[in-house]
1. Roughly how many nanometres apart are two label points built 7 Å out from the Cα toward the Cβ at Lys48 and Arg102?
2. Which distance in nm do the two modelled labels at Ile135 and Lys86 give, with both placed 7 Å along the Cα-to-Cβ direction?
3. For the chain, what number results from the quotient of the Cα radius of gyration and 2.2 N^0.38 Å?
4. Averaging sequence separations of C-alpha pairs under 8 Å and six or more residues apart, then dividing by the length of the chain, give the relative contact order as a whole percent.
5. What is the extension gain from Lys161 to Lys147, computed as 0.36 nm multiplied by their sequence separation minus the C-alpha to C-alpha distance, in nm to one decimal?
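Please treat every number below as a calculation from the coordinates, not as lab data. What you see is a predicted model, and the numbers here were worked out from it, not measured in a lab. When we count neighbours, we look across all protein chains shown, and the Cβ atoms used for this are built from the backbone with ideal geometry, even at glycine.
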Amino acid sequence: MARQALYAFLTRVLAAPLRGKESETLSFFAGSDTPLGQAVTDLLDALKKADDSALDREYHDLFIGVGRGEMLPYASYYLTGFLNEKPLAELRRNMKRLGFARAEGVKEPEDHIASLCDVMSHLIEATQISGGADIYEQDRFFSTHIKPWAGKFFADLKAAKSADTYRHIGRIGEIFMTIEEGGFAMIARA
């Protein structure tokens with residue numbers, strides 16, 4: 001459930017501006033002396049000082065910009081240097097196979113980091129509720145569509161010039177991707 005909650009959190013704050021109310025979602029993770037616990041605590045401290053207009057501006061500068069934002073949060077861009085390339089086509093095939101489709105009205109390509117976190121959140125939820133997507137399916141999706149680039153994206157977000165509060169999101173994402181990679185490395189292979 002903690003993994004699903006973190007993926008759902010990352011989905012929300014990478015698809016739209018961060019809000020102070022997110023502190024409720026993350027309070028479970030705060031306070032521990034683990035790297036993830038400390039990163040969450042630091043984000044919660046930053047959220048106490050941030051207001052919505054500053055968070056809106058920061059999100060805009062990072063991901064939208066005038067012409068384009070400082071960050072391009074797409075797998076195709078990170079893996080090929082271009083948008084709408086082979087990684088997106090492969091993702092679309094896998095999403096169709098898994099029963100996922102881009103939501104009505106969404107203009108972003110499916111290889112946006114928020115979309116990938118959303119798929120992982122739903123795969124984990126399906127495993128918990130119905131046993132529909134097992135850990136091996138989660139591993140395949142993570143290994144194919146997230147692991148090759150998301151750690152680099154989150155490291156870049158952490159270091160972005162426009163990132164103030166979002167640098168904490170970068171740190172949380174970077175730590176979480178390392179945890180996921182280590183966890184999937186421990187599952188039994190057939």
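1. According to this spin-label approximation, the distance is 4.2 nm.
2. 3.2
3. On the way: Rg = 16.2 Å, N = 190, 2.2 N^0.38 = 16.2 Å.
Here the Cα radius of gyration is 1.00 times the empirical estimate.
4. With pairs under 8 Å counted, the relative contact order is 26 percent.
5. Stretched fully, the Lys161-Lys147 segment lengthens by 2.6 nm.
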